[in-house]
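The values are calculated or read from the model by the stated rules, or taken from the named source; none is laboratory data. Note that the structure is a prediction, hence the values are computed from the model and not measured. Cβ: placed from backbone, ideal geometry, glycine included. Neighbour counts: every protein chain shown.
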Ligand code: FES
């Protein structure tokens with residue numbers, strides 16, 4: 001992902017990460033001095049109690065205070081550790097996306113208005129979409145906006161619902177959202193590129209997930225993917241064939257490594273594949289054409 005939103009979020013995550021580390025280090029340093037002192041204090045009180053039993057309530061109160069302090073400290077450290085892990089994950093994820101984004105041309109944020117052209121992954125997709133995109137029924141978007149509201153905070157639920165309904169984010173639907181709400185094209189561009197589950201191009205009727213986990217990688221997953229893409233005539237930089245029948249994705253371990261290399265066509269699994277047999281697996285959903 002690229003864009004100022006991601007950059008700012010990555011910097012913020014990095015700052016939170018550093019602050020969490022500093023807070024944990026300070027806490028550790030303070031406790032290194034405090035623990036022996038409190039232990040000595042308790043030991044001294046215990047000695048006094050042995051000589052004077054009337055001091056027993058004082059000892060009990062002190063022990064209770066120290067126990068509560070330790071409990072609060074443990075909770076604070078747990079909380080800081082969680083923040084640190086979350087911030088580190090956000091920082092690393094953001095940095096990775098920023099670095100990856102440098103290799104791609106920058107996303108052009110369109111002007112707001114009816115003539116706006118939304119950024120696409122490439123010209124091939126735009127041409128493909130123009131040639132074969134089905135009519136988009138925008139009444140769904142209108143109803144969705146009525147339900148979710150028109151404020152900028154509704155951006156993610158609205159995009160999620162549009163993605164679920166159309167299986168990608170059609171330009172027409174996004175333009176409609178910007179026209180009817182306070183959500184800006186820049187906000188949509190930033191949000192939709194930040195979350196990988198949002199697709200900006202149409203998805204095929206069937207999803208082919210080729211496992212590229214370690215076992216499948218070693219067993220030839222790359223050749224399987226290449227053969228499928230060649231057979232389906234999927235253009236460079238795209239993941240869907242021109243007829244929008246199949247979308248080919250590379251995924252992590254599918255959990256059946258003994259069958260490597262493995263792919264799934266929708267819910268059907270096929271294993272022990274070779275480049276020669278990989279395309280036969282598509283017959284699970286299109287038996288008439290690919291048996
Ligand atoms: S690595 Fe492919 S199924 Fe596990």
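Do the conditions hold for residue 55, that is, is it more than 30 Å from residue 237 (Cβ to Cβ), at pLDDT 80 or above, touching a helix residue (DSSP H, G or I) at 6+ places or on another chain (Cβ under 7 Å) and assigned to a helix (DSSP H, G or I)? For residue 55, the condition - more than 30 Å from residue 237 (Cβ to Cβ), at pLDDT 80 or above, touching a helix residue (DSSP H, G or I) at 6+ places or on another chain (Cβ under 7 Å) and assigned to a helix (DSSP H, G or I) - is not met. Entry remark, region 141-161: residues being within 24 Å of residue 4 (Cα to Cα) and in contact with a helix residue (DSSP H, G or I) (Cβ under 7 Å, 6 or more places away or on another chain) number 8 in total. Of all residues in region 223-236, one or more are crowded, with 20+ Cβ neighbours inside 10 Å, within 14 Å of the ligand (Cβ to nearest atom), more than 30 Å from residue 159 (Cα to Cα) and not assigned by TED's automatic domain parsing to the domain that holds residue 164. Please tell me if residue 281 is within 15 Å of the ligand (Cβ to nearest atom) and either at pLDDT below 90 or not assigned by TED's automatic domain parsing to the domain that holds residue 151 (or both). Criteria met by residue 281. For residue 150, the conditions (1) modelled with pLDDT of 90 or more; (2) assigned to a helix (DSSP H, G or I) are fulfilled apart from (2).
Among the residues of region 248-258, just one is over 20 Å from the mean Cα position of the chain (by Cα) and more than 7 Å from the ligand (Cβ to nearest atom), namely 258. Would you call residue 84 over 30 Å from residue 9 (Cα atoms), modelled with pLDDT under 85, surrounded by 13 or more Cβ atoms within 10 Å (Cβ to Cβ) and touching a helix residue (DSSP H, G or I) at 6+ places or on another chain (Cβ under 6 Å)? It is false that residue 84 is over 30 Å from residue 9 (Cα atoms), modelled with pLDDT under 85, surrounded by 13 or more Cβ atoms within 10 Å (Cβ to Cβ) and touching a helix residue (DSSP H, G or I) at 6+ places or on another chain (Cβ under 6 Å).
Does region 161-183 contain any residue that is outside the structural domain of residue 285 (by TED's automatic domain parsing), part of a helix (DSSP H, G or I) and either within 16 Å of the ligand (Cβ to nearest atom) or farther than 18 Å from residue 148 by Cα (or both)? Checked against the condition, which is being outside the structural domain of residue 285 (by TED's automatic domain parsing), part of a helix (DSSP H, G or I) and either within 16 Å of the ligand (Cβ to nearest atom) or farther than 18 Å from residue 148 by Cα (or both), region 161-183 yields at least one hit.
Checked against the criteria, residue 16 counts as surrounded by 16 or more Cβ atoms within 10 Å (Cβ to Cβ) and modelled with pLDDT of 75 or more. Pairing each residue of region 28-41 that is assigned by TED's automatic domain parsing to the domain that holds residue 81 with any residue that is outside any helix (DSSP H, G or I), provided the two are 6+ apart or on different chains, yields no C-beta distance under 6 Å.
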